[in-house]
Structures are given as C-alpha cells and as structure tokens.
Amino acid sequence: MNLELCGIVTPINKNIKSKSNRDYCEQLERAKQHRQVMWDDAKRNPTHTIGGFFGFVHNGRYVEIHMITDIKPATERLDSWSDNVGQTDRNVLMLTPKIYTISWADWLSLGAPKKVQGTTRVVGAHAQMSSFLKQHINHVTYCHETSETFM
C-alpha cells in the first residue's frame, strides 16, 4: 500500500434510507459475494494513482479503511448509482475489502475532521494519517493478477 498517496474518504449516513447508506450496504453485499467493491472518486477526480487509501467514514463512530486497487472511468459506474445526479462524471475507484478500522478517537487524534461531508481528499491530516496507517497496516499488499489482498 502506498501510504504516501492522499486518501479519499466518504461519509456514510446513519439513516438507512439515505442514498449513501443504501450504496454502502450494496458494497457490503458485493464484498460478501467476493465481488468488486467500488465507490465514486471525489469531485474533479483527484485520485490519479492506485495504492492509496479510501475510508468509509461513520461520523462519530469509526472509519473503515480500504486500499484503492484501480481507477476506472465514469462509464464503469453501477446502474444503481444512476440516482446520484451530479456525480456521473466521477471516476470509479476499485477497492480491496476492508483492511482496517480506525476508532473515532484515533481519527480525531490524527487531526482529521470532526465531521466529513461529501466524498473528499484527506488533506489536512494526510501526514499524520500516513504515519498512523504505516504503523498499523503497512504489511498489506494487493496482487493485481489474482485480485487478492494479503495481510
């Protein structure tokens, strides 16, 4: 995992009827079925290199960390995402299954925002986040040939 790369995070709404929660649950189901987990890139597609981290942020609770394994064009978006008006130009980030969970206390101690709103890059806490992840998950590798994550 190239932890020097900026990460992308997205909040998951606690309301089970919200679009982000439904899309997130769809990705959990895909993971259970050993299918590709994926999510939209942030606005203006800032992710240019694979190997960085992606976090599903459950504000006030925890952050689930995945590794970005590939970047696909917007044409690879899932049909179920068609309701996400305004996001149809975003690249699709291919993700590993969850590789780590950061507690909310640790998330805040790294200088990360107290509330994440919208899919965005981790900028202000990037150095601290990279250092933290190196300590906890630097041993993770991803094999493109087999699509396997090794810990």
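The values are calculated or read from the model by the stated rules, or taken from the named source; none is laboratory data. As the structure is a computational prediction, the values presented were derived from the model and not from experiment. So basically every Cβ, Gly included, is an ideal-geometry build from the backbone, and we count neighbours across all protein chains shown.
Residues are listed down the side, and each one gets a yes or a no for (1) of a type in the set (S, T, N, Q); (2) under 17 Å from the mean Cα position of the chain (by Cα); (3) loosely packed, with under 14 Cβ neighbours inside 10 Å; (4) modelled with pLDDT under 90:
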{"site": "LEU78", "(1), (2), (3), (4)": "no, yes, no, no"}
{"site": "ALA125", "(1), (2), (3), (4)": "no, yes, no, yes"}
{"site": "MET129", "(1), (2), (3), (4)": "no, yes, no, yes"}
{"site": "THR146", "(1), (2), (3), (4)": "yes, no, yes, yes"}
Consider THR47 carefully, then state whether it is of a type in the set (S, T, N, Q), without any contact (Cβ under 8 Å) to a residue 12 or more places away in the chain and over 21 Å from ILE16 (Cα atoms). no
Taking the conditions exactly as written (touching a residue at least 12 places away in the same chain (Cβ under 8 Å), surrounded by fewer than 16 Cβ atoms within 10 Å (Cβ to Cβ) and of a type in the set (A, V, I, L, M, F, W, C)), does ALA74 satisfy them or not? yes
Among the residues that make up segment 83-101, is at least one of them assigned to a helix (DSSP H, G or I) and under 21 Å from LYS19 (Cβ atoms)? yes
Being within 16 Å of the chain's Cα centre (by Cα) and among the polar types (S, T, N, Q) narrows it down to one residue among SER103, SER109, SER82; which is it? SER103
Under the condition of being among the polar types (S, T, N, Q), farther than 22 Å from PHE132 by Cα and in contact with a Ser or Thr (Cβ under 8 Å, 6 or more places away or on another chain), which residue from segment 2-35 is surrounded by the most Cβ atoms within 10 Å (Cβ to Cβ)? SER20
